[in-house]
Amino acid sequence: MKSIFLCMGLLISIFMLSGCIQDLEGDSDGDGVSNITDNCPEISNEDQLDSNNDGVGDACEEDERETQQEDAESDDASSKDDDSINGYNANLVMYTTGAFVQLNSKHWVENNGDGAHSFRELRRDEWSVYLRDFSRNIDIQLDLHRKEIIYTDSTQTFVLYDVISVSPERINGYAANRVHYSGGGFVQINLSDWVENIAGESYTYEEYARDEWSVYLKDEDGATVQLDMHTREVIFREGGDKTILAENIEPKPAKINGYTVREVLGELSDFVQTDFFDWVEHLETGHVNTYSEKYRDEWSVYLYDNTRDLHLQLDLHTQTMKQNIGSGFQTIYQLITEAN
């Protein structure tokens, strides 16, 4: 019996050795040079050039250099992302199952599969944004240096999530807070309220759910809107009927326009949308003015202060604040340093 097993083992060894020999004598890349002598057996190089005489063909070294260049470019892009976003300018911090999103200069929202929570921004430093949920007495530190989201309450401090991105190429359902499409847009103004702005018209919605790729809204009549970041569509449903309202939506527009702006920061004053059609102006002097939104177009928001019978135009195209004087709007001063 032992001799049988020995014979079988010998046959298997011979078979495996034969396969190895065939591999060595074969020509994997089809360049006419056998594997055993080919200085670049996986890439066709009939000339067998080896400029630096290191035993590795130039063709293989060029392929390796291309791979290294691709890796370097990827690392460089990641490094630029880390370098350009810090504690002072961060407005979006994503983790695996959700995101923290800045809605205006003092208001952040956390969205995930469990729902949404509102936070007040307390302060910033070079690498972190510090938030507080007063309703739950919870503090959050968005630490972009360590790439950690740190939770603190009255009894404990710990790392809640790891940061996966602060400037994603593609916005998902948890991170979306505005959607632009040709001729209009949707913008989130607080924890659960959204407005759709089209030239001369506005529609209000309440957010009722999110998932990884969509935000779900409903109006007061029960009709629903799905902002689908995956298919890049606005889907309207009412009474069992489904309609695609817009295609090729852009949840990360290159420039904020009149349809999707909710905050305008200037050298002399800041304008912030506080409700569906309400805006507040904070002046450097500490004075506060209130306005009603009248309408919007592609590049402007038009406001009215009825206590002073004053009409204003926040023009994002010319970056100016204009006042209706006499027969039309005239520039009062250069306004916009940043729009959100």
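Loop-located trypsin sites (Lys or Arg not before Pro) in the stretch 127-199 (DSSP state other than H, G, I, E, B) with a sparse environment of at most 12 neighbouring Cβ atoms within 10 Å: ARG136, ARG170.
Using only alpha carbons, the stretch 263-339 has a radius of gyration to Kirkwood radius ratio (Rg to Rh) of 0.92. As a proxy for reagent exposure, ranking VAL166, VAL101, VAL159, VAL301 by other Cβ atoms within 10 Å from fewest up yields VAL159, VAL166, VAL101, VAL301. Of the residues TRP213, TRP194, the one with the fewest other Cβ atoms within 10 Å heads the list, and the complete ranking is TRP213, TRP194.
On a per residue basis, the convex hull of the C-alpha atoms belonging to the stretch 178-247 measures out at 90 Å³.
The numbers here are math on the coordinates, done by the rules we state, and not lab data. Computed from a predicted structure; not experimentally measured. Every residue, glycine among them, receives a Cβ derived from its backbone with ideal geometry; neighbour counts consider all protein chains shown.
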